[in-house]
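The values are calculated or read from the model by the stated rules, or taken from the named source; none is laboratory data. Because the structure is a prediction, the values reported are computed rather than measured. Don't worry about glycine lacking a Cβ; one is built from the backbone with ideal geometry, like all the others, and counts go over all protein chains shown. Areas reflect the complete protein model, heavy atoms only, side chains present, ligands, DNA and RNA absent. Shrake-Rupley method; radii C 1.70, N 1.55, O 1.52, S 1.80 Å.
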Amino acid sequence: TMAQMITTYLSKIITFLSLRAQSRGVLLVFFLLLTFQSFASVILIPMDDEGQENHLKAYGITYWVLAKQQKVQWLLNYRGGSFILPDGDAIRKECQIRGVSFEVLSDGQAAQILDDISSPSQNQDAVILEKAPKIAVYSPKGNQPWDDAVTMVLTYAEIPYTTIYDTEVIGDKLALYDWLHLHHEDFTGQYGRFYGHYRAAPWYIEDKAKAEELAQSLGYSKVSEEKLAVALKIRNYVIGGGFMFAMCSATDSFDIALAAEDVDICEPMFDGDPSDANYQAKLDFSNTFAFTNFTLERNPIRYEFSSIDMTNKRANVPRESDYFSLMEFSAKWDPVPTMLTQNHTSLVKGFMGQTTAYTRSQIKPTVMVLGENKINGEARYIHGIKGKGFFTFYGGHDPEDYQHRVGDPKTELELHPTSPGYRLILNNVLFPAARKKKQKT
């Protein structure tokens, strides 16, 4: 760094003067050196429970610094996953404006923290974040930011994103982005399985008509065929090195669509023709990202896709005790899952969704479980590798709205600035910014 260069240079001057100059000159240079070192500093953004007033906007500050082509250090397992930023008046002012707590450390103090973190006895590490990832959110054009937890928290944290949908995906625009979030979509072409309760609702009729019109405009005769084409494009994006994050029904419906690539699993009310006979036996689980050996829900009236989801198996999980625990990983040997589980608590409030949690026995052994409810035998937060890319699935709809229903008011994140459940989303947003290490074999 510039500070180190100047320090080295001054040290050489001191050595020279100690041999050739009078003691008064040497003392003067010593004084200048010590004065310079005392002013060299960095900014620490603490992310523990006590030190940070707004965890969610702290991610926005970190992204803002990265967007200015400045590097950040993410201190894994140190004070809740804190960040070290370069010091500067602009950064200090931005923290103050956004209400983000920060501490100013001297270079010497920061070096001591990094030295402590590097000790083999500490389950901690420092990861360098190098660039602000370009973010795409897959979502219907008419949706508002509060219709989806990810768009809501990105907006609140002041992290920019671009909304894309089927036209852009089919048109091969995914390559423009580093990180992709899947809205609570139904990639099977069954319109979210809302038929049983809402088939007469004006919004359902309108959404179905729009989906059919869009599919036809893109050259597909059925919505299920068009949604499969979108799922395959997203699959290829991940295999090629993309980062994909999905929540709620976008997780299991995505894998179901891939497993049913050459199989019609839709009943006539969805696509106008009968489903394939014995379609369950024709599923190809080798095509999926995360799930295997699941059984599809054959009754079109039921608001459920398959046995993957645990929503209807949670009768013994009362709301007041509905929590899931985050797994602990080795920061030095498993930095990826460690990054994704950074938090100021290891216990996170549960929340419902169309797809709330995943049946543990139907998750592929190659997929890591990052968060689980052991009492109910369910996984809530999972992560895996596909080709050169990564995917993360997060069950539930809104971390601060326990049982979100159609028509419910939006969540006000100003009331939840330290939400552990929302922090998990933002961990994934920053994940692509990390300097890539060679994967261990």
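How far, in degrees from 0 to 90, does helix 107-117 lean away from the longest principal axis of the Cα atoms of the chain, to the nearest 10?
Computed tilt is about 50 degrees.
Just to confirm, what accessible area per residue do you get for the chain at 1.4 Å probe, in whole Å²?
Per residue, the chain has an accessible area of 46 Å².
Work out from phi, with θ = phi - 60° and the Karplus expression 6.51 cos²θ - 1.76 cosθ + 1.60, the ³J(HN,Hα) of each residue of the stretch 86-94, listed in order in whole Hz, and give x for Gly and Pro.
x, 7, x, 4, 5, 5, 4, 5, 5
What Rg and what Dmax come out for the stretch 222-316 when only alpha-carbon atoms are used, in angstroms?
Rg then Dmax for the stretch 222-316, in Å: 13.7, 42.
Helix 23-39 sits at what angle to the longest principal axis of the chain, using alpha carbons and giving 0 to 90 degrees rounded to 10?
The helix 23-39 is inclined about 20 degrees to the chain.
Along the Cα-to-Cβ line of residue 346, 7 Å from the Cα, sits a label point; which residues in the stretch 370-396 have backbone N less than 17 Å from it?
Answer for this model: 370-375, 380-381.
Can you send over the carbon and sulfur percentage of the accessible area for the chain, probe radius 1.4 Å, protein chains only?
In the chain, the share of accessible area belonging to carbon and sulfur is 54 percent.
To make sure I understand the rule: partners must be lysines, Cα under 22 Å from the Cα of residue 349, and not fewer than 8 residues away in the same chain. Which ones qualify?
Straight-line reach from residue 349, under 22 Å: 57, 313, 374, 410.
As I understand it, the value is the acute angle between the Cα axis of helix 202-217 and the longest principal axis of the Cα atoms of the chain; what does it come to in degrees, rounded to 10?
Taking the Cα atoms of the chain, the angle to 202-217 is about 80 degrees.
Which log10 I(q)/I(0) values does the chain give at q = 0.06, 0.08 Å⁻¹ under the Debye formula, counting every alpha carbon as one identical point scatterer?
Result of the Debye calculation: -0.30, -0.50.
Cut-off under 17 Å on the C-alpha distance; same-chain residues fewer than 8 positions from residue 173 excluded. Which lysines are left, in chain and number order?
Output for residue 173: 134, 141, 227, 233.
At a Cα cut-off below 15 Å, give the aspartates and glutamates reachable from residue 332, other chains included and same-chain residues fewer than 8 away excluded.
115, 116, 125
Would you calculate a helix-derived [θ] at 222 nm for the chain, using -39,500 (n - 2.57) for each DSSP H run of n ≥ 4 and dividing by the full residue count, to the nearest 500?
Rounded to the nearest 500, it is -10500 deg cm²/dmol.
With no solvent and one equal point scatterer placed on each C-alpha of the stretch 262-380, evaluate the Debye formula and give log10 I(q)/I(0) for q = 0.21 Å⁻¹, two decimals.
Scattering profile of the stretch 262-380, log10 relative to I(0): -1.21.
Got a sec? Which residues in the stretch 111-153 would a label at residue 408 touch, if it sits 7 Å along Cα→Cβ and we count backbone N under 18 Å?
Zone members listed by number: 144-153.
Through the Karplus equation 6.51 cos²θ - 1.76 cosθ + 1.60, θ set to phi - 60°, convert the phi angles of the stretch 292-297 into ³J(HN,Hα) values in whole Hz; use x for Gly and Pro.
Karplus values, whole Hz, x for Gly and Pro: 8, 6, 8, 10, 6, 7.
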